[in-house]
Amino acid sequence: MIALPEDFPAQTDKHSTEEGSIFAPRFDASGLITAVVTDARSGELLMVAHMNAQALRLTLETGIAHYWSRSRQSLWKKGETSGNLQTVTEIRTDCDQDALWLKVTVAGNGPTCHTERHSCFYRTIAIKDGKITLNK
């Protein structure tokens, strides 16, 4: 298990944030950071979620993805009910450390989306001749 500080370090300046070696995630005013989640093997976009400091800390400590459910206002261990746990193989942060990219493997290669689809991004928006069509 990784020993993490009680709080993540504060960002001190732009240069340190962008070029330094300190992981200092920047949470928004609601205490959340956006997490983009892709399949570690295929690269397919699976979902976009949010993490609070506790969810991020648990993810780093356990290697299993945890998120903050904005609708339920609670911590959420992805796949805890379905068995389709997301094991994190890599986490990246963007230049100003206000978004995360999680690469995961899904247990049993089960569905990620609550609609029982592999990805939450199953619909496309087509634009043709000035008309917009939503396809699934």
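Assuming R0 = 22 Å, what is the FRET efficiency of S69 and R26, from their Cβ-Cβ distance, to the nearest 0.05?
On the way: r = 21 Å, r/R0 = 0.95.
The formula returns an efficiency of 0.60 here.
For segment 80-136, chymotrypsin sites (Phe, Trp or Tyr not before Pro) meeting the loop criterion (DSSP other than H, G, I, E, B) and having at most 14 other Cβ atoms within 10 Å: F121, Y122. Sorting the segments 123-135, 71-83 by their residues' average number of neighbouring beta-carbon atoms within 10 angstrom, most packed first, yields 71-83, 123-135. Straight-line reach from K136: taking Cα to Cα under 22 Å and skipping same-chain neighbours fewer than 8 places apart, the lysines in range are K128. Once the Cβ-Cβ distance of K77 and S16 is raised to the sixth power relative to R0 = 41 Å, the FRET efficiency obtained is 0.80. Name the residue, out of T89, T112, T59, whose mean-square fluctuation peaks in a Gaussian network model built on the chain with Cα pairs under 10 Å. Between T89, T112, T59, it is T89 that shows the largest mean-square fluctuation.
Principal-axis analysis of the Cα atoms of the chain puts helix 53-62 at an angle of about 90° to the longest axis. The aspartates and glutamates within cross-link reach of K78, meaning a Cα-to-Cα straight distance under 19 Å and a gap of 8 or more places when in the same chain, are D39, E44, E61, E90, E116.
Quote the FRET efficiency, to the nearest 0.05, computed for H114 versus R41 with a Förster distance R0 of 30 Å and r equal to the Cβ-Cβ distance.
Working: r = 22 Å, r/R0 = 0.73.
E between H114 and R41, to the nearest 0.05, is 0.85.
Which of the three applies to segment 57-120, rounded, prolate or oblate, going by the alpha-carbon gyration tensor with a ≥ b ≥ c and a/c under 1.5 meaning rounded? Mind showing how you got there, number by number?
Details: a/c = 1.60, a/b = 1.36, b/c = 1.17.
The shape class here is prolate.
Just so you know, all these numbers are worked out from the coordinates, no wet-lab data involved. This is a predicted model, so every value here is computed, not measured. Methodologically, a virtual Cβ is constructed for each residue, glycine included, from the backbone with ideal geometry; neighbour enumeration extends over all protein chains shown.
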